[in-house]
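Here the structure is laid out as structure tokens; the discussion comes afterwards.
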Amino acid sequence: MKQYLTILLVLGVLVVGMYVYKSFTNNDKSLENSKIQKEQEETDSVPIQRIDDEIKEKTLKTAEKFLEAYINYDSENPADYVDKMKPYVTEEFFIGHVQNPKREPLEVKTYRIGELHISVAESTEHVGVSLSDEITVFGEVHRLKTTTDNKEIEEYKEYWLVFDKYKNDYLIKGIDIQDGTGHEH
């Protein structure tokens, strides 16, 4: 009979132990789920940051002026674009181009903008940035290339410009150039 009572006591302790364990683990899970749900609600309630129209307009004008300076090229003054783009870029971007200016093929005599379409990108997934203090501008450019043998060729390029807030302004801190078919340049 003692063995029977011992077995019942052990089983009782096991059952109570399992009940207590189950209660705590379910409680932990529900606490974890409520934390996740609360974080999700907080994230959902944060308003999506919209770019104010004045900033958007100013950024587009800056992008246009930058692209004109950056794209227009003359083989007689190949680094001339660096000084022309200075007012529109961050100091780091500028210094990078002073130290390592872009190189154009030897057969290119000039580049000039034929047609330019720019817009603030709706999504920043392309360059992996958030809209906190950064704005991405997408530019479609038809540029006219004149070769050293005076042939004129139209090319299509896509320019992704990343602006960053600097003091009270937005300046270009990065550029990604792709040809019109989406292939890296």
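A few notes on this one:
- Residue list for the stretch 60-97, filter: open to solvent by 30 Å² or more (accessible area, probe 1.4 Å) and aliphatic (A, V, I, L, M): Leu60, Ala79, Ile95
- Among the residues making up the stretch 86-120, those that are among the hydrophobic types (A, V, I, L, M, F, W, C), under 14 Å from Gly174 (Cα atoms) and touching a residue at least 40 places away in the same chain (Cβ under 8 Å) are Val89, Phe93.
- Evaluated against (1) open to solvent by less than 80 Å² (accessible area, probe 1.4 Å); (2) at pLDDT below 80; (3) out of contact with any Leu (no Cβ under 8 Å at 6 or more places or on another chain), Leu116 falls short on exactly one condition, (3).
- Test: residue in the stretch 132-149 that is more than 25 Å from Thr59 (Cβ to Cβ), more than 14 Å from the chain's Cα centre (by Cα), at pLDDT 80 or above and open to solvent by 70 Å² or more (accessible area, probe 1.4 Å): yes
- The stretch 81-113: number of residues that are more than 26 Å from Asp149 (Cα to Cα) and in a loop (DSSP other than H, G, I, E, B): 2
- Extreme residue, modelled with the highest pLDDT, among residues of the stretch 119-131 that are loosely packed, with under 12 Cβ neighbours inside 10 Å and of a type in the set (S, T, N, Q): Ser123
- Test: Lys65 is basic (Lys, Arg), modelled with pLDDT of 85 or more and within 30 Å of Ile177 (Cβ to Cβ): yes
The values are calculated or read from the model by the stated rules, or taken from the named source; none is laboratory data. Quick caveat: nothing in here was measured; it's all calculated off a predicted structure. Positions of Cβ are backbone-derived with ideal geometry, glycine not excepted, and every protein chain shown enters the neighbour counts. Just so you know, the surface numbers come from the protein's heavy atoms only, side chains and all, with ligands and any DNA or RNA stripped out. Shrake-Rupley method; radii C 1.70, N 1.55, O 1.52, S 1.80 Å.
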